[in-house]
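Have a look at the structure below before the remarks.
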Amino acid sequence: MSNAPKTSGTAPSAYFSCRDIHSYYGESYVVQGVSFDIKEGEIVALLGRNGAGKTSTMRSIARLDAPHLQKGEIWLDGQPLHTMSAYQASRLGVGLVPEDRRIIPSLTVEENLQLAQIEEPIGWSIERLYDHFPRLAERRKQEAVTMSGGEQQMLAVARALARDVKLLLLDEPYEGLAPVIVREIEKILEEVKGLGFTTIIVEQNAIAALHLSDRALILDMGEIVFDGTAKEVIDNAELRQQYLAI
């Protein structure tokens, strides 16, 4: 029997919607009634201090095993993600780029992309991915383990797009990268932004995430305490200091 929360049966009008999400790590209550909507093509920065519930929210959206979604609904393009397994959500078009990237190091760039791609991609053939990521084209026969951290992150993003993604989830895309590589990844994400993908980005480098995003959500102790434009956060030093320590 499925442990998925029951659905109200009524899809929201928003392209993507979280409704009263509650999730746990064991006995820890980490996401406490999170609700928000995202328009199609919008990029939203999900921000907060360590332990605020950012990654837990992302994992709930991607339908990963932990944290377990105990209550709430998650909808994408009229489809109830909260009733789905991680595999089903991925097939629907939820593309997660996790913090640790999860590429397969012993496989080549092209093998990683082939493994991720759906049987009949509508918009993202491997050759189209190479057009947007020429460095990957240059290294298509190179084993992923031999690539730099920035190149591996590039591969992780391309692999997510290979599944004809509808919702792109970026979890700490700049984590552990040297400043020069961060700038390179920023350029890649700016290009992805130009392609119009609906995106949620979790990033400790809040300023970099805000410059990429249209909107910002700030989490504190598992609850949303701010929902507004990215510019509002950039311009509000008091808000940044209180909730982001920047």
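Every number in this text was worked out from the coordinates using simple rules, so none of it is lab data. The structure presented is a predicted model; accordingly, all values stated were derived computationally and were not measured. Every residue, glycine among them, receives a Cβ derived from its backbone with ideal geometry; neighbour counts consider all protein chains shown.
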| task | Search the stretch 144-157 for residues being over 12 Å from I185 (Cβ atoms) and in contact with a helix residue (DSSP H, G or I) (Cβ under 8 Å, 6 or more places away or on another chain), and hand back the single one that is surrounded by the most Cβ atoms within 10 Å (Cβ to Cβ). | result | A144
| field | Subset of the stretch 175-193 [under 23 Å from S56 (Cα atoms) and either of a type in the set (D, E, K, R) or under 13 Å from the mean Cα position of the chain (by Cα) (or both)] | value | E175, L189
| note | Of those in the stretch 93-107 that are in a loop (DSSP other than H, G, I, E, B) and touching a strand residue (DSSP E or B) at 6+ places or on another chain (Cβ under 8 Å), the residue surrounded by the fewest Cβ atoms within 10 Å (Cβ to Cβ) is S106
| message | Return the pair list, or none, for Cβ contacts closer than 7 Å from residues in the stretch 15-30 that are touching a residue at least 60 places away in the same chain (Cβ under 8 Å) to residues that are among the β-branched types (V, I, T), at least 6 apart or on different chains. | response | Y15/I38; Y15/T198; F16/I38; F16/T198
| message | I want to confirm something. Restricting to the stretch 198-241 and keeping residues that are small (G, A, S) and loosely packed, with under 15 Cβ neighbours inside 10 Å, which single residue is farthest from F16 (Cα to Cα)? | response | A237
| said: Restricting to the stretch 30-45, count the residues that are under 22 Å from Y174 (Cα atoms) and of a type in the set (A, V, I, L, M, F, W, C). | reply: 3
| query | If the Cβ limit is 8 Å and pairs must be 6+ apart or interchain, which residue in the stretch 226-240 that is closer than 21 Å to G53 by Cα and in contact (Cβ under 8 Å) with a residue 24 or more places away in the chain pairs with which residue that is surrounded by 14 or more Cβ atoms within 10 Å (Cβ to Cβ) and of a type in the set (F, W, Y)? | reply | D227/F36; V233/F226
| task | Tell me which residues, restricted to the stretch 108-121, are in a helix (DSSP H, G or I) and either among the hydroxyl-bearing types (S, T, Y) or surrounded by 15 or more Cβ atoms within 10 Å (Cβ to Cβ) (or both). | result | V109, E110, E111, N112, L113, A116
| field | Matching residues, the stretch 122-166, being of a type in the set (S, T, N, Q) and part of a helix (DSSP H, G or I) | value | T146, Q152, Q153
| said: So, in the stretch 165-200, exactly how many residues are in contact with a strand residue (DSSP E or B) (Cβ under 8 Å, 6 or more places away or on another chain) and within 18 Å of K39 (Cβ to Cβ)? | reply: 12
| Residues in the stretch 188-246 that are under 20 Å from L168 (Cα atoms) and either among the aromatic types (F, W, Y) or not in a strand (DSSP E or B) (or both): how many? | 23
| remark: The residue from L195, L170, L244 that alone is under 15 Å from I43 (Cβ atoms), crowded, with 17+ Cβ neighbours inside 10 Å and either out of contact with any Asp or Glu (no Cβ under 9 Å at 6 or more places or on another chain) or among the aliphatic types (A, V, I, L, M) (or both) is L170
